[in-house]
1. Under the Karplus relation 6.51 cos²θ - 1.76 cosθ + 1.60, θ = phi - 60°, what is the ordered set of whole-Hz ³J(HN,Hα) values for region B:69-82, x standing for Gly and Pro?
2. Could you list A:H36, B:H208, B:H91 in order of exposure, starting from the residue whose Cβ has the fewest other Cβ atoms within 10 Å?
3. In nanometres, what is the gap between the two model label sites at A:I8 and B:M1, each 7 Å from Cα along Cα-to-Cβ?
4. Just the number, please: percent antiparallel of the DSSP beta bridges in the protein assembly as shown, rounded to the nearest 5.
5. According to a simple spin-label model (label point 7 Å from Cα along Cα-to-Cβ), what is the distance in nm between A:T103 and B:R130?
6. What are the ³J(HN,Hα) values, in whole Hz, obtained from phi via the Karplus relation 6.51 cos²θ - 1.76 cosθ + 1.60 with θ = phi - 60°, for each residue of region A:202-211 in sequence order, with x given for Gly and Pro?
7. Where in region A:108-147 is the amide nitrogen less than 14 Å from a point lying 7 Å along the Cα-to-Cβ axis of A:L52?
8. Between region B:136-181 and region A:180-220, how many Å separate their Cα centres?
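Derivation of every value follows stated rules applied to the coordinates shown; laboratory data play no part. The structure displayed is predicted, hence computed values, not measured ones. Because the Cβ atoms are built from the backbone with ideal geometry, glycine has one as well, and the counts that use them run over all protein chains shown.
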Amino acid sequence: MDAYLAAIAIIALIYVLLSLGLTLQYGLTGLINFGHVGFFAIGAYTSALLALKGVPLILTFPAAAVLAGLSAWPIGLVSLRLRDDYFAIVTLGFSEVVRIVITSEKWLTNGVQGVPGIPRLFEGLQGFAAQAATLAVILAVTIVAVWMILRIAKSPFGRLIEAIRDNEEAVKALGKDPASFKIQVLIVGAAIAGVAGAFYAHYITYIVPDQFIPLVTFYVWMAVIMGGVGRVSGAVVGAAILMVFLEGSRFLRDIVPWISEVDMASVRIGVVGLLLILFVMFRPQGLMGDYTKR
Amino acid sequence: MTLEIRNVTKAFGGFQALDGVRLSVPLDSLFGLIGPNGAGKSTLFSVISGFLSADQGEITLGGRRIDGLSAPARARAGMVRTFQVPREFSHLTVRENLMAAAPAQTGEGLFGLFFRPGTVRREEAAIAARVEETIALLKLTRVADQPSGKLSGGQKKLLELGRALMVEPRLILLDEPFAGVNPVLIGEIMERIAELNGRGIGFLVIEHDLEALTRLVSRMAVMDRGRVLAEGEPAAVLDEPQVREAYLGGLS
C-alpha cells in the first residue's frame, strides 16, 4: 500500500468515527445534530494544545473525548426539550460559536493563524512506518467504536432510544424520561467526534479554524444518508463512499482539463452534492438499507 | 385508594377547557368518562397524566400529591395512559414495543449495559417471559414479530394496552380504546379489560361507544364544557335530566 492510499484510509476512518457518532444520535435516536463539527473541533484543539504543552498523547486523546463529551452536556440540558427543528438550529449555532471562539481567542488557539507543529502519533518512527502505525491505531479505535455502537444498538438502551425516535410522548407515558437518554446519546456521539478530532489534529499536524466549517458536518450527514440511516454498517460504508468521491473527483481534472485548479475545488463539492441527490432519488434508504427495513 | 381530582382548571387562551373538575376514581374500579366532543375529557386525561399542567387544582393518587410531578414520574407512581391515536413505536416489533415498556431495566443505563452484562441478560429473560404472557393475553401471538407500524388500528389499541400493562400500574387511563376497532375485537378488548380488572388493575376509560362502555364499567362520570355534570352507576347517570339535556338530548 502506498502512502497516498494510507493517507486516504486515515481520513476515511476519521469520517467513519464521525459517522458512527451521528448514527447513534440521528439514526438510532432521531436527534438532528447539525453541529457535529463543533465537537470534532473541540477534540482537535484540546488534544493539539495539550500535546504542545508536553502532555503525552496517551492522555490528550482521552482528554479530547472527555471535553467534547462534556461540551455536549449543557447543550443537551438547554435544548433537548425543544422540538427537533429547534434542536437542529441550536446545534448548528453551537458549532459556529465554537469556530468563532477558536478564531478570536488568540492567546489560546493562535486565532486564524492556527496551531502548527502538532506532534504526530509515533514521532519516533520514520516515513511510511509512522503512517502505517497511525493507520493501525485509528483502525483499532474505529473497531472498538463500531463494537460499542453495535452493543448499544442491540441492548435495552438501544431499544429505548429507537422507541424515542419513533414516539417520544409514548416513552414518557411509560414512565421513562426521554431527555436523560438523549443527553447520554449526545455525549457519547460528541466524545467519539472528539476522538476523531484528536486523530485529525495529530495526523494533519496543523489546524486552523477554517477546517471546522459546517460543511464538515454536512459531509458526515451525507455519509450517514448514503450508507443508510440507523445502520452501523451504513456509517462505515457511507464514509467510504464519501471518501471515494471526495478523493476520486481529484482525478476529474485528467478528464476535464479545461477547468482551473481553483474551480476544481467547487466542482468536487458539486460532484458530492450530485451524488447525494442521486442517492436520495434512487436509493433513499441508503446503500445498506435504513431502520425502516429490518 | 383513589385517584382524586379536586377543582382542576385549565384554559387555552380564552377557552376554559376544564372548569373546576372534581372526580374521585377508586383505583380498583372500572370507571367510564363520557361527554360530547369538546367536553374536556382528553384534556382532563392529559392533565391527570402530566402531559399538560393544570392552571389550578390538586391531583392525588393513593393519597400522594402528584400534580407537581413530570409525566414519566406520574407513570412510575402507578398510573399509565394510552392515547386516542395509538402511538406505537412503529419500527420496533410488537415484542420489542412490550420489552421497551418494562420498568427499571439495568440495560437501559450505559454503565449497566457495559459493566453488568450478566444482570442485563437475566433481566431480559425475565422481561421476555412477561412479554410472552402479555402477548398471549392480548392474542397478539400471530403479529408478535411484525413491526408494530404495520398492525391494524385495533391491534395497535391492544398493543398500547399491553405496553401499559408491562409498566405494572395500579390504574390505566384508556383514551377511546374502541375507536376504529372492529366489533369482534371490541368484544375481545372488553373481555381483557374486565379480566385485568379482576386482577386488581383499575381503568378510567374515555369512550364514545356508550353501549359498549355501559356494559363495561361499574361507574361513570359525564362531562360537559369542562365540568363534571353527574357521577354514579351508568344507568342512573344516563337518566339524570341535566345529562340527557346536555349530552343525550337528541338521542333519547
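1. Whole-Hz 3J(HN,Hα) from phi for region B:69-82: 7, 6, 4, x, 5, 5, 5, 5, 6, x, 9, 10, 9, 10.
2. Placing the least packed residue first, the sequence is B:H208, B:H91, A:H36.
3. 6.7 nm
4. 60 percent
5. Spacing of the two 7 Å Cα→Cβ label points: 5.4 nm.
6. Whole-Hz 3J(HN,Hα) from phi for region A:202-211: 7, 8, 6, 6, 8, 10, 10, x, 5, 6.
7. A:108-120
8. Centre-to-centre distance over Cα atoms comes out at 42 Å.
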